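One structure is given here, and the rest of the page talks about it.
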Ligand code: THU
C-alpha cells in the first residue's frame, strides 16, 4: 500500500539535496519499494545546461543501479515548490513509462501538501516503447 505521508517526507528529503545553482528550482522524488525501502532523487544541474538531470530520472536510475526493477515498486512521488502539484517533464514521463509499471501510482505534490495522483500509463499516452523497435 502506498504511504502518502512517508512519501511526502521522503520526497521533501530528496528535494533538500537538489543541486540547482542555475535554476534555483529544487525538485524531489521518492520511490516507495514493496520491501519498505525508499529511493530518493533530486535534480542535479550542470554549467552545461543540457546535462541537467531531473529528480525523477535520478531516482529511477538509482533504483535500477541498486538492482531493483518495476516489480519492486509500490508508488512514486514527485515534489516541487509549485502553486499546483508539480508536472513531470516529457523526458521523465518517457523514462517513467519504460522503468515503472503502467499501473504504478504516481503522486504529484507541492510543498503545501496538495496532491494529484495518476497511474503511470495516464501520464504518457501512446508512448514510444520496445514494441516500436
Ligand atoms: N526538473 C525536474 O527535476 N523535474 C521535472 O519534472 C521538471 C524540471 C528540474 C530540471 C531543472 O534542474 C529544473 O527543474 C528547472 O527546469
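Can you say whether residue 101 is under 19 Å from residue 32 (Cα atoms) and within 16 Å of the ligand (Cβ to nearest atom), as far as the supplied structure shows? Taking the combined requirement at face value, the residue does not satisfy it. Flag: residue 30 does not match the condition of being in contact (Cβ under 8 Å) with a residue 24 or more places away in the chain, within 21 Å of residue 116 (Cα to Cα), away from the ligand (no atom under 16 Å from the Cβ) and surrounded by 13 or more Cβ atoms within 10 Å (Cβ to Cβ). Between 49, 22, 38, the distinction of being more than 30 Å from residue 131 (Cα to Cα), loosely packed, with under 14 Cβ neighbours inside 10 Å and touching a helix residue (DSSP H, G or I) at 6+ places or on another chain (Cβ under 7 Å) belongs to 22 only. Here residue 64 meets each of (1) near the ligand (Cβ under 10 Å from one of its atoms); (2) out of contact with any strand residue (DSSP E or B) (no Cβ under 8 Å at 6 or more places or on another chain); (3) touching a residue at least 12 places away in the same chain (Cβ under 8 Å) with one exception, condition (1). Against the test of being away from the ligand (no atom under 13 Å from the Cβ), modelled with pLDDT of 95 or more, more than 30 Å from residue 131 (Cα to Cα) and crowded, with 21+ Cβ neighbours inside 10 Å, the options 6, 10, 112, 83 yield a single qualifying residue, 10.
The values are calculated or read from the model by the stated rules, or taken from the named source; none is laboratory data. These figures come from a predicted structure and were not determined experimentally. So basically every Cβ, Gly included, is an ideal-geometry build from the backbone, and we count neighbours across all protein chains shown.
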